[in-house]
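First up is the structure itself, then whatever we jot down about it.
The values are calculated or read from the model by the stated rules, or taken from the named source; none is laboratory data. Predicted model only: the values in this text are computed from it and were never measured. Virtual Cβ from ideal backbone geometry, glycine too; neighbours counted across all protein chains shown. For accessibility, only protein heavy atoms count, side chains too; no ligands or nucleic acids. Shrake-Rupley method; radii C 1.70, N 1.55, O 1.52, S 1.80 Å.
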Amino acid sequence: MFVKNCWYCAGWDYELVLGRNEPMPRRIAGEALVLYRKLDGSVVAMEDRCCHRQAAMHLGQREGDCIRCMYHGMKFGPDGKCVEIPGQDHISDKARIRTYPVVEKDNWIWVWMGDPSKADPELIPFAVGPGDKNWKIKTSKISVRANYRLEIANLMDLSHLTWIHRASLGGTDRWVTTPIKFTMLPRGVKSEFVLRSVPAPTFAQHVFPTGMLFDIDMNVDVTLPCNFILHFRAFTAGTATEGPSNGQLILDSWSSQAVTPVDEDNVEYYYSWGPSIATDRPGLADLLLAGVNQAFAEDKAVLEAQYRNMKERPDGNLVNIVHDAGPEKMLRLLDRFLAKEAAEAAREANPLRRAHR
Amino acid sequence: MFVKNCWYCAGWDYELVLGRNEPMPRRIAGEALVLYRKLDGSVVAMEDRCCHRQAAMHLGQREGDCIRCMYHGMKFGPDGKCVEIPGQDHISDKARIRTYPVVEKDNWIWVWMGDPSKADPELIPFAVGPGDKNWKIKTSKISVRANYRLEIANLMDLSHLTWIHRASLGGTDRWVTTPIKFTMLPRGVKSEFVLRSVPAPTFAQHVFPTGMLFDIDMNVDVTLPCNFILHFRAFTAGTATEGPSNGQLILDSWSSQAVTPVDEDNVEYYYSWGPSIATDRPGLADLLLAGVNQAFAEDKAVLEAQYRNMKERPDGNLVNIVHDAGPEKMLRLLDRFLAKEAAEAAREANPLRRAHR
Amino acid sequence: MFVKNCWYCAGWDYELVLGRNEPMPRRIAGEALVLYRKLDGSVVAMEDRCCHRQAAMHLGQREGDCIRCMYHGMKFGPDGKCVEIPGQDHISDKARIRTYPVVEKDNWIWVWMGDPSKADPELIPFAVGPGDKNWKIKTSKISVRANYRLEIANLMDLSHLTWIHRASLGGTDRWVTTPIKFTMLPRGVKSEFVLRSVPAPTFAQHVFPTGMLFDIDMNVDVTLPCNFILHFRAFTAGTATEGPSNGQLILDSWSSQAVTPVDEDNVEYYYSWGPSIATDRPGLADLLLAGVNQAFAEDKAVLEAQYRNMKERPDGNLVNIVHDAGPEKMLRLLDRFLAKEAAEAAREANPLRRAHR
């Protein structure tokens, strides 16, 4: 089950270079897409399925801004409309392939999977990409064989840093006990964390004197379908027990993460992390990326085993705990959007309603 | 869905040598078979399934013209009748394994998958095998993960030579525009092509002076389930615009191709190509085989991706084009045979009819 | 379908070392388990599924005799009861993971998959393990992709030694003709074999003078789910045609074999063989293990092909033979136990019965 009227991240802009690797196939929310760039660099997203006999368009050939299916030679414009059928003059209006609204922003390619008339670019979440001059952002990606609801639950409850990520992003049990301020957003949830006098995360502890403590201020926006935008600031431990840290800012950073459902059983996870230019130093961005690379490999092992268990026992009795509060907020929001779209689809399919149009 | 009363190619005769690789398992039209040669060289085709507990007969052992299941030692004659049950004297009449009519012809092994009483060898399509002294035929085979209907559609519309095979068998868009003369056969369709003043196919262009043109006469018989027998003749480009080419015959050749449905999702493709002795020259047969090897790898990539798309959206809306005429002829013929056999099976299952027998 | 109230072999004791490879996942009778040792060395078997969100417990971490799920840090005692939920004080009584009775015996780990109140260690079959000082037992294991009923049928009819194992354990057709004395056991079948003046098994023939003959006395207990305990004695061929062999005892040996259903489609096969200290000589135990290793690879090929055939044609018509007598005894006993448990489960589910409790 996927929210259709939603922007889905189709990957990093640098994955879609002009030339060899395009047209590029992608599977998003259960649909097969092909992406390519027009001469002006803008991106076309099209169903990866010729309207003739379903040949894969990603095996086709670019011709200017058009793409030709290389099975029977049908040529399509970037709007999906067929412009040439070799061997015949007439081209039916039905000879078209579905295209999807695309926006490039913050070095991510975003595709709108629903009604194109609702594709408002303002709905794309704020992010800080590797192209932003004020930050030194490094990027990566990972595939996980699990339903994206498990990723939502993972990202909405950071108490797991203490456990899964004890050897990487964790290093303190304060992730378990710190109160979190949640705020509902139109398409997501904002979480605010304030940690005072905590050790560095494990992956970075060797950089600092033994026992050194830090203050951490952290804001996370999680939005549909499963984007995680993190503003992470670390200070030397200060003396203020309330309000802003009065320590020295030693790391101001953004980590932008987009988890894209491929289908019910898989996600592609596009992520980045990096410091501000002001708090950067040689090797720091690489250290941060290495830390999050390690952490997401840890998550992958846990989520894939969890998902196998859940597929085997979909009706398994569950015990709830205090840390489910965050996941529940986001999963309920997802369910509301899914229910809304299902109701709209049912209305759309209602013959009375159609008769009145 | 497979036509049962039909000859299916089980492979090249040289695949079934006496000795090491027999008994040889094959899956044809959804049924598991085992093949072996009797002492006189003739071929036995038997269900690959012992009548006792379904042990695989291809793990059994030849004993003269018999085959012994090596699980419990039951021995069967080449007619499938059990002739020995170790440890007991009585052999039930039910102790038999289904056998299938087999004919070797043109270096292919043909198996009849339906009612043995209808197995008329005259229904085996004409072909030119590697053993024919008048031709220098070279052979190969390839596996494709697609339903055989996609192969029928592929082989009944050669306009795709221009596109899929632009780097191998293609090299001109005349495959798109040349009118084809279709003639219905009892179990197939004959297609006749006449191309005048066309370039050599891409895989052979380097052999000839740049820009040299040719006349091509080509006849294809496609028959059930999916056999493709091609008579291909090339001439130096002549001056006659109507009727036979008046150029010089430089290649007279046959390509015999049998696409055997393994099951709903796979085919085995046994194929050959080669010149007449009169038009042969050193290296030519190898060049032709290399050309078709390349082409069928190209088809494999396209058909497998297309089949994945079709499995995902079996109800995908399709737009028809002019080149569907050929595929439709053969697919409708296939559907008629399938419907006829389904009706016969329904009559057979009718209790009233059985009571009257 | 599995008998629940039954001991299942979870493997050799040396597979569950303290340290690196624990907690150790195992799948038994369709259920995912995790095993680990307490500080006193005794074994805990627990469902491999956290009661919170089904995270895999085998990715958890040992803490003394407890195990902590490393997703959200819930900690469980060796009885499965949750003893810590990080971030909250209250622990619901429902926060527990199912545990299974475990007994270590004869160097095997046995797990009871049913009602713990019925887990009687006396029901564990007799075996001779590698730790027994009176025998020199060597061990191994193999995975087979087949339902365990096929293994039962295999082990209850040793006529197949003549055929499948002609190059290993076989070497004579006397396995086909020797009468077997069957005796029903409460949870299995005892088979007694007496072979007089037979050749050595093929794998050992090179050890003896050509044509040398032997007397063999063999007792086998097969018990639920599919344990095969063999007492195998070989003598130089004597002159007594009735009663005990009057030849010289040259091999007194035990082979203990436990075939554990993993799920409907797989088994794990834990096995051993070895001579008494009195009849041991250098290299003998290795020769025996090599012989049975070869034989079980032969069985694996046959059973996996047979199982593929049976899955494809579950309703395949079967012919019965004299050697089905042994398999039928054990399969009917299995079916009785399955039917009994199904009836108990139905009674348990009956609302009237529950109302009366």
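Overview of values
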item	result
Boolean, A:GLY73 is at pLDDT 95 or above, surrounded by 19 or more Cβ atoms within 10 Å (Cβ to Cβ) and among the small types (Gly, Ala, Ser)	yes
Flag for C:LEU33 being part of a loop (DSSP other than H, G, I, E, B) and under 24 Å from C:THR260 (Cα atoms)	no
Looking only at the range B:309-326, and only at residues there that are at pLDDT 95 or above and more than 9 Å from chain A (Cβ to nearest Cβ), the one that is surrounded by the most Cβ atoms within 10 Å (Cβ to Cβ)	B:GLY326
Hits in the range C:80-118 (condition: closer than 27 Å to C:GLU15 by Cβ, within 14 Å of another protein chain (Cβ to nearest Cβ) and assigned to a loop (DSSP other than H, G, I, E, B))	C:GLY80, C:ILE97, C:ARG98
Criterion (in contact with a strand residue (DSSP E or B) (Cβ under 9 Å, 6 or more places away or on another chain), buried (at least 22 other Cβ atoms within 10 Å of the Cβ), β-branched (Val, Ile, Thr) and more than 14 Å from chain C (Cβ to nearest Cβ)) met by exactly one of A:VAL128, A:VAL194	A:VAL128
Among the candidates B:VAL292, B:VAL262, residue that is hydrophobic (A, V, I, L, M, F, W, C), under 18 Å from the mean Cα position of the chain (by Cα) and assigned to a strand (DSSP E or B)	B:VAL262
Residue pairs meeting the criteria (Cβ under 7 Å; at least 6 apart or on separate chains; first free of Cβ contacts under 8 Å to residues at least 12 places away in the same chain, in the range C:239-265; second open to solvent by less than 30 Å² (accessible area, probe 1.4 Å) and assigned to a loop (DSSP other than H, G, I, E, B))	C:ASN246/C:GLY238; C:ASN246/C:ALA240
Residue that is assigned to a loop (DSSP other than H, G, I, E, B) and either open to solvent by less than 30 Å² (accessible area, probe 1.4 Å) or farther than 29 Å from C:ASP299 by Cα (or both), where the choices are B:ALA55, B:ALA10	B:ALA55
Where a residue in the range A:3-19 is over 15 Å from A:THR260 (Cα atoms) and in contact (Cβ under 8 Å) with a residue 12 or more places away in the chain and its partner, wherever it lies, is surrounded by fewer than 21 Cβ atoms within 10 Å (Cβ to Cβ) and of a type in the set (Ser, Thr, Tyr), with Cβ under 9 Å and at least six apart	A:TYR14/A:THR139
Within the range A:58-67, considering residues that are open to solvent by 10 Å² or more (accessible area, probe 1.4 Å) and assigned to a strand (DSSP E or B), the one nearest to B:GLU151 (Cα to Cα)	A:GLN61
Residue satisfying all of: in the range B:141-163; over 23 Å from B:GLY188 (Cβ atoms) and under 21 Å from the mean Cα position of the chain (by Cα); farthest from the other protein chains (Cβ to nearest Cβ) among these	B:SER143
Count of the range C:303-357 residues which are of a type outside the set (A, V, I, L, M) and not in a helix (DSSP H, G or I)	8
Evaluation of C:PRO179 against (1) open to solvent by 60 Å² or more (accessible area, probe 1.4 Å); (2) over 15 Å from the mean Cα position of the chain (by Cα); (3) at pLDDT 95 or above (one fails), failing number	(3)
Members of the range A:53-74 that are out of contact with any helix residue (DSSP H, G or I) (no Cβ under 8 Å at 6 or more places or on another chain) and under 16 Å from A:LYS94 (Cβ atoms)	A:MET74
Residues satisfying the stated conditions in the range A:156-175, i.e. open to solvent by less than 10 Å² (accessible area, probe 1.4 Å) and either within 17 Å of A:ASP217 (Cβ to Cβ) or assigned to a helix (DSSP H, G or I) (or both)	A:SER159, A:HIS160
Residue list for the range C:131-155, restricted to those being open to solvent by 10 Å² or more (accessible area, probe 1.4 Å) and part of a loop (DSSP other than H, G, I, E, B)	C:GLY131, C:ASP132, C:LYS133, C:ASN134, C:LYS136, C:ILE137, C:ARG145, C:ASN147
Verdict on A:GLU22 being more than 9 Å from every other protein chain (Cβ to nearest Cβ), at negative phi and surrounded by fewer than 19 Cβ atoms within 10 Å (Cβ to Cβ)	no
Matching residues, the range A:285-308, being touching a residue at least 40 places away in the same chain (Cβ under 8 Å), aliphatic (A, V, I, L, M) and open to solvent by 10 Å² or more (accessible area, probe 1.4 Å)	A:LEU287, A:LEU289, A:ALA290, A:ALA297, A:VAL302
